[in-house]
1. Please give the residues of segment A:73-103, grouped as numeric ranges, whose backbone N is less than 12 Å from a label point set 7 Å along the Cα-to-Cβ vector of residue A:52.
2. For residue B:99, give me every one of the lysines with a C-alpha distance below 19 angstrom, ignoring sequence neighbours fewer than eight places off in its own chain.
3. Would you mind computing the Rg to Rh ratio of chain B from its alpha-carbon coordinates, Kirkwood style for Rh?
4. What is the pair-distance distribution P(r) of segment B:3-56, computed from all Cα-Cα distances in 10 Å bins starting at 0, with each bin given as a whole percent?
5. Between residue A:10 and residue A:28, with labels modelled 7 Å along Cα→Cβ, what's the label distance in nm to one decimal, could you check?
6. Starting from a Cα-only point model with no solvent, please compute log10 I(q)/I(0) by Debye for segment A:32-86 at q = 0.17, 0.18, 0.22, 0.30 1/Å.
7. So if I take the alpha carbon set of segment A:11-111, get Rg, then get Rh from the Kirkwood formula, what is the Rg over Rh ratio?
8. Expressed as a whole percent, how much of the Cα-Cα distance distribution for the protein assembly as shown exceeds 22 Å?
Amino acid sequence: DGGITQSPKYLFRKEGQNVTLSCEQNLNHDAMYWYRQDPGQGLRLIYYSQIVNDFQKGDIAEGYSVSREKKESFPLTVTSAQKNPTAFYLCASSGQEYGYTFGSGTRLTVV
Amino acid sequence: DAKTTQPTSMDCAEGRAANLPCNHSTISGNEYVYWYRQIHSQGPQYIIHGLKNNETNEMASLIITEDRKSSTLILPHATLRDTAVYYCIVRSLRGATNKLIFGTGTLLAVQP
């Protein structure tokens, strides 16, 4: 079945460490997105990419970095510059009219 | 992208229809109305979308007013598993970004 796979489901990070969240899709979608969700809040856009080797900052890109070397993959790195990284991270991809398909999320906790 | 306004929360009795309103008074002519829902700690799930005609699928119906400034998502026979946060989003398929902008949504609580 086609879909989006995010891994790991839970991730713990020590302060000062960089961590990378994986997102892979087999839907042949051109566009991919990373969102952050804090408790009781809606989703906020971190980065998005509409084609391979191209990506743009969203509303809260500071402290994050991405790459898009392959159509299927859009990893997100949470750097030590991100001051409050504990959150639920969601990856999505989109084709055209039917909107987005979301992964099941990665819950990152700083310990 | 236009912004949307939704009630913070709603209750619905199990087996009854759930009607979730959304106001999008600044919607432009090429923007679609999308509905997603998010069950706790999961990724959002696509429900339905429309441009100006009413739409129905196996999950729900979408009623869009003639002036397109508001819409209603209808779950015809709500079950306990429909308890979730429901997001109404407007999005253009053209333009540079195609990005979805999420508000805080409506928490629908289906009561037994």
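Each value in this text was obtained by applying a stated rule to the coordinates, not by laboratory testing. If you're wondering where the values come from, they're calculated on a predicted model, not measured in any experiment. Using ideal geometry, Cβ is built from the backbone for each residue, glycine included, and neighbour counts are taken over all protein chains shown.
1. A:73
2. Counting by Cα, and skipping residues close in sequence, residue B:99 has these lysines nearby: A:57, A:71, B:3.
3. Reported Rg/Rh (Cα atoms, Kirkwood Rh): 0.96.
4. Taking all Cα pairs of segment B:3-56, the binned fractions are 18, 47, 31, 4 percent.
5. Simple spin-label model gives 3.8 nm for this pair.
6. For segment A:32-86, the Cα-only Debye profile gives -0.52, -0.58, -0.82, -1.24.
7. 0.95
8. 52 percent
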